[in-house]
Amino acid sequence: MTEKLGVLLVDVPEPRFAVYHFVYLSELGFMIKPSSDSKIILDIAYKCTEEEAKKYPQFRWVSLEEEK
């Protein structure tokens, strides 16, 4: 059984300039990027398991798989 992957989102107060603010890994380290395009998030967001995400309690982990 493989573990589900998800992305780390940042809760940003209103007013927001994008729907989502997510964590990605750049050559400088972890960065936060705004986007309203879910394809961009799926392409470049840092992906981790729910267990790994517990190391980053300041972010909200969201599964990439839809619950049934």
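The values are calculated or read from the model by the stated rules, or taken from the named source; none is laboratory data. Here the structure is a predicted model, which means the values were calculated and not measured. Reconstructed Cβ throughout: ideal geometry from the backbone, glycine too, with neighbour counts over all protein chains shown. Only protein heavy atoms, including side chains, enter the accessible area calculation; ligands, DNA and RNA are left aside. Shrake-Rupley method; radii C 1.70, N 1.55, O 1.52, S 1.80 Å.
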- prompt: For the stretch 10-22, does any single residue satisfy the condition of being among the aromatic types (Phe, Trp, Tyr) and open to solvent by less than 70 Å² (accessible area, probe 1.4 Å)?
  reply: yes
message: Any residue at all in the stretch 43-58 that's of a type in the set (Asp, Glu) and touching a residue at least 24 places away in the same chain (Cβ under 8 Å)?
response: yes
query: Being open to solvent by 70 Å² or more (accessible area, probe 1.4 Å), touching a strand residue (DSSP E or B) at 6+ places or on another chain (Cβ under 7 Å), within 14 Å of Lys4 (Cα to Cα) and at pLDDT 95 or above, is that true of even one residue in the stretch 54-68?
result: no
task: Only residues that are of a type in the set (A, V, I, L, M) and loosely packed, with under 10 Cβ neighbours inside 10 Å: list them for the stretch 23-53, please.
output: Leu28
